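*Asks:* Questions regarding the structure given below will be posed in turn.
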Amino acid sequence: MNSLIIAIIYGLSGFLMKFSDDEYDEKSNKIMASILAIINGVLIGYLTSNIAEAPYIFLTIIIATGLALKINGIHHIFSLIVFIIVCFLFNFFSNQLFNLSLITLIICTFSAYIDEFGNDNPKFQKNKFLKFFFDYRFTMRVAVLILSLFGIYSNLTGFTIPYIHFLNIETFIFFLIFDLGYITAGEIFKKYFA
């Protein structure tokens, strides 16, 4: 698939994820939140099933938000159900899932969980740096960047660590585009819809 189309889908999925949450959390608009979440479920299910390293981003986000008990609205449930259905339709659970590195998935999930924990922790809201760091969820960005830098190093030298899959730099770039969509949705919602 064309990298530009992949980037657009990543950005749109980040945008829809945040806008859906804001519709639900800020306006209590369950219908609009659910519609946006369903579309997002289709997008992230498609990416997870068809783009080699997308599961390290989207499964991570789903697992981490579940562990942090943040799958807390009907829109999340709809998105999760649609995600699972799309993954089944593209045979993700019988093919690609079993080729993932469990250690890489754990590293990404742990970093996303730290972001979720830090985002709502009042202790971190007092410190400007930590507030910014966790408001914009930098832990997972750093983890994906490090795995991508090791991926570059591995491609150049052949360096490997058993059971760890290093990511391609494109995965980091796509993840930043996802984050940009997420942040943009939050800013647009605050400015025009709150």
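*Asks:* From the Cα gyration tensor of the chain, with a ≥ b ≥ c the square roots of its eigenvalues, which class applies: rounded if a/c is under 1.5, or else prolate if a/b is larger than b/c, or else oblate?
*Replies:* oblate
*Asks:* Which of G41, G14, G118 moves the most in a Gaussian network model of the chain with Cα springs under 10 Å?
*Replies:* Most flexible of the set in this elastic network: G118.
*Asks:* Relative contact order, percent, of the chain when contacts are C-alpha pairs under 8 Å separated by at least 6 residues?
*Replies:* Rounded, it is 32 percent for the chain.
*Asks:* How much length is gained on full extension from N99 to I146, taking 0.36 nm per residue of separation minus their Cα-Cα distance?
*Replies:* Stretched fully, the N99-I146 segment lengthens by 14.8 nm.
*Asks:* If each of I169 and Q125 carries a label point 7 Å out from its Cα toward its Cβ, how far apart are those two points in nm?
*Replies:* Output for this residue pair reads 4.0 nm.
*Asks:* Give the lysines reachable from K126 as a straight Cα distance under 25 Å; neighbours fewer than 8 places away on the same chain don't count.
*Replies:* Output for K126: K18, K70, K190, K191.
*Asks:* Need the C-alpha centroid separation for the stretch 143-192 versus the stretch 49-110, integer Å.
*Replies:* Between the Cα centres of the stretch 143-192 and the stretch 49-110 lies a distance of 16 Å.
All of the numbers you see were taken from the coordinates with simple rules; none came from a lab. From a predicted model like this one, the values you see are computed outputs, not experimental measurements. In this analysis, Cβ positions are derived from the backbone assuming ideal geometry, glycine residues included, and neighbour counts consider all displayed protein chains.
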